[in-house]
């Protein structure tokens, strides 16, 4: 891929450049932030408990517990697969958790509220309960749910621009929001299936939702994430405005087609929709992820070549840090050498203290370069600690 000519991209850290400094927040501001964070967590938990209460009134406590267990058991596996995507520049753990619990607690509450209200209104207007249910499933749910899930993505995009660098970040955040939403939604589906169909009914629904289509919500919301990621990567004003809007519209349309195939037609049409729409869309998204990771790899290689030439990195380390396979190897070494604690420090904390927290020159490629460089150096230090194979650099090299 040909990189655009940019003097800052060719030399991201200029010798005479003075980087902006951060003012340390006062104790009062820290207390205010902690208080606001605590209030936000309590409100989110309250909304989640209200949703579980409503589900419990429909299923009863035993079926609710069965649905909760069935819905949450596979979630760690799905989250692990999503986090694997972000190999070059891991996102802050608190943002990843916020995305997941936004979907699981907040977005699902407002979706339930508005979908139920719209269904009742349409049923009253048409005097048909079936019409209300169809409207809620095919029209209201796609619009309300995708908008509710997308809200946190737009918040990240504008409020934490330095942690939303491109398409990969958009997909990761969106997938976690979708997984959280799907988990809470599945509690209801699995609970009702256990109540009405017993073990057989629960197994069938689990296979359909948990095995064949576990990534339906992440796939829909990822369309919005891709749109925001493209907006971040481009300097074209039209694309920056239209890409997020088009991404959200595609998410709504795909969600509506998926729900409509099940609610209106069912059976064969639902299966055809899965094979002709969902599977190709998922494969296309995998291609998009591969291309985005290739772009990030090219940026990392371009940036770290200077460190390699200066002797801060060996050629072996350079090759390991600039490829997916190499980074997987360093992650595995961190895990095998120090367990979960070292693996978390390797994947999430290596670059947190030294990352440049500014949207420098408005250039997403430059920001990504700086972040990946700092994280790669953190990985190199981590690998040095575990293997003890690198010589100590001279003072001149580390100055």
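Observations
- Relative contact order of the stretch 39-270: 26 percent, from C-alpha pairs under 8 Å at least 6 residues apart in sequence.
- Relative contact order, percent, the stretch 161-308 [alpha-carbon distance under 8 Å, six or more residues apart]: 26 percent
- Subtracting the Cα-Cα distance of residue 72 and residue 113 from 0.36 nm times their residue separation leaves 12.5 nm of extension gain.
- Relative contact order, percent, the stretch 107-244 [alpha-carbon distance under 8 Å, six or more residues apart]: 26 percent
- Where Rh is the Kirkwood radius over Cα pairs, Rg/Rh for the stretch 182-250: 1.28
- Exposure proxy order (Cβ contacts within 10 Å, fewest to most) of 149, 192, 160: 160, 192, 149
- The stretch 217-281: mean projected area of Cα convex hull, nm²: 4.4 nm²
- Cα extents for the stretch 39-270 along the principal axes, largest to smallest and rounded to whole angstrom: 52, 40, 38.
- Overall form of the stretch 96-177 per C-alpha gyration tensor (a/c, 1.5; a/b vs b/c): prolate
- As a rough guide to protection, the peptides 193-204, 102-113, 250-261 ranked by mean Cβ packing within 10 Å, highest first, stand as 102-113, 250-261, 193-204.
- Cα-Cα separations in the stretch 164-311 greater than 24 Å, expressed as whole percent: 44 percent
- Arranged from fewest to most other beta-carbon atoms within 10 Å of their beta carbon, 167, 54, 69 become 69, 54, 167.
- When 185, 296 are sorted by how many other C-beta atoms sit within 10 angstrom of their C-beta, beginning with the fewest, the order is 185, 296.
Just so you know, all these numbers are worked out from the coordinates, no wet-lab data involved. Note that the structure is predicted; figures quoted are calculated from it, not measured. Cβ coordinates were reconstructed from backbone atoms using ideal geometry, including for glycine residues, and neighbour counts include every protein chain displayed.
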